[in-house]
C-alpha cells in the first residue's frame, strides 16, 4: 500500500509497500492545500487500501513522470486511470451521498444540489487529490497553461453540468446577503480600495474551484464546507475596516437578494472584459514563445526540445510578471487611454488594475499597434514591452526639446479637440515624455534591462502620435484596432 511520511511542513516521502529504502520525495508549494495536506495523504492511503491495483500503478506513475521530459503527455495519458481508481473507490465504499441532501428544507428559491451533483463534486475532489501530488509539488508541477488543461480534463464532468453555476450562485448569494447588512461598509471599501462586491464574488469563486474543492471529504457535506469558506472570507475581508459584532443567516436562498444596481453591473462587465483581454494576451504571449523556439530549432525539428524550452520561458515569464511592483507611465498615458477608447471602459477603472494586469495589457496593446501602425512609432511601441524596476517620478520639469517641430506640426494638423491651443498639448507631452525618460525599464518578455531610451526618437514619435490622436486624425487606425479586439473575442 501507499504510505506518506511527513518530514517537515512541506516535505513528505512516499513509500510503496514495506521497503523503507525505496521512496519518492515530495516538496510542496506554499498554499492552502499544503496547510491541510493530511486530507490528501489520508485519502490516497485509503484509496490504496481499497483498490488493490492502485498502489503499484500510482508509485510507478510518479517514478515515470519524475524522470520524463514529456510530463504533460504522461499525465494526460493517465487521466482516465486517475478517474477510474477514484470512481471504483467510491463504488466499493458505497458512500451514501443522500445524507447530504434534505429536500424537505428547500424553499422555492433555494439552491439545491441533488445526490448525483454532490457525488460529482466529491469525485472531482478525489481526482484532484491524486493530481495534487504533482500540481502542488515544487519540482513536478506543470506550467500554468498545461495545469489548466489537465484541470479542465479532470473536471469536465461538472463543467458540462449545472454544478459550477450552482456553486457560483452560492458564492453570490452568501456574499450579497452580507451586502444587505453591511452596505455602507462595502460602499466605503469600493471608494477607498477600489474593490466592489462583484470582484470579491469572483475571487471567492475562483478560490473555491482552485483550492477548496480538493479539500472536500467524503464524510462531510461539501456545500456546507463551501458556505463556511465563503463566510469566513467575507468576515476576514470586512474585519480590517469593521470591528463590530455581526450576525448572519446560515440559509442559502436567492429569494432575499436585491438585484445588483447599475454600478455593480457595469463594474462586473468592465472586469469581465478586462479579464478576458488578459487571458487573450497571455495566450498570444505563450504562442509567441513557442513560435520563437520552433524557428530556433527548425533544422532539428525537435518537438520535445521546443516544448521544454518554451515551457521554461513561460515559467520564467510568469515569475517575472508576478514580481512587477510598479505600473509603467506608458500604461497610464498610452495603454489605458487607448483601451478606454476601444472598449468604452472609463479611464478611471483602469487605474484600479494591478501591476501585473497592467503589464499584460501593455503587451496586448503593443501587439495591436504593431499590426495597425506597422513601422510607424516603432520606438514608442517598443517601450510597451517594458515595465519600470522602481517607482518613477509622478511630476517632472521636462520640457519638449524639439519645440519648433512640435509647433509646426501642430499648426499643420490644425486643432486640439477642435481648439487651436497648443499650450495644453505641449504641457501634456512634456509630462508624458518626462515621466518616461526618468524610468529604468525591464523587458516583460525576457527580463533584459533596457540599455537606454532613444529619447529624441521617442519624443518625436509622441509628438506626432498624440497630436494626430487629439486632432481626431487616427480614427481609421482605432477602428481597425477595435476590429482586431472583436476578432480576438
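Filtering region 36-66 to residues that are under 19 Å from residue 140 (Cβ atoms) and within 30 Å of the chain's Cα centre (by Cα) leaves 37, 40, 41, 43, 44, 61, 62, 65, 66. Scanning region 423-454 for residues that are assigned to a helix (DSSP H, G or I), at pLDDT 75 or above and either under 18 Å from residue 378 (Cβ atoms) or in contact with a strand residue (DSSP E or B) (Cβ under 7 Å, 6 or more places away or on another chain) (or both) returns 432, 433, 436. Does residue 353 satisfy the condition of being at pLDDT 80 or above and either farther than 30 Å from residue 483 by Cβ or part of a helix (DSSP H, G or I) (or both)? Taking the combined requirement at face value, the residue does not satisfy it. Working only within region 25-54, note down all residues that are part of a strand (DSSP E or B) and buried (at least 19 other Cβ atoms within 10 Å of the Cβ). Within region 25-54, 26, 28 meet the criteria. Among residues of region 423-447 that are at negative phi, those with a beta-carbon under 8 Å from a residue that is assigned to a strand (DSSP E or B) and modelled with pLDDT under 75 at least six positions away or on a different chain give the pairs 424/416; 425/416.
The sole residue among 366, 318 that is touching a residue at least 60 places away in the same chain (Cβ under 8 Å) and touching a helix residue (DSSP H, G or I) at 6+ places or on another chain (Cβ under 8 Å) is 318. Going through region 334-349 one residue at a time, which ones are part of a helix (DSSP H, G or I), under 24 Å from residue 431 (Cβ atoms) and in contact (Cβ under 8 Å) with a residue 40 or more places away in the chain? Matches in region 334-349: 334, 335, 338, 339, 341, 342, 349.
Please go through region 74-98 and give me each residue that is in contact (Cβ under 8 Å) with a residue 60 or more places away in the chain and within 15 Å of residue 121 (Cβ to Cβ), ordered by number.
83, 90, 95
All conditions in (1) part of a helix (DSSP H, G or I); (2) at pLDDT below 85; (3) closer than 24 Å to residue 202 by Cα hold for residue 361, with the sole exception of (2). Within region 455-485, the set of residues being outside any helix (DSSP H, G or I) and in contact with a strand residue (DSSP E or B) (Cβ under 7 Å, 6 or more places away or on another chain) comprises just one member, 471.
The values are calculated or read from the model by the stated rules, or taken from the named source; none is laboratory data. Owing to the predicted nature of the structure, the values given are computational and were not obtained by experimental measurement. Cβ atoms come from the backbone with ideal geometry, glycine included; neighbour counts cover every protein chain shown.
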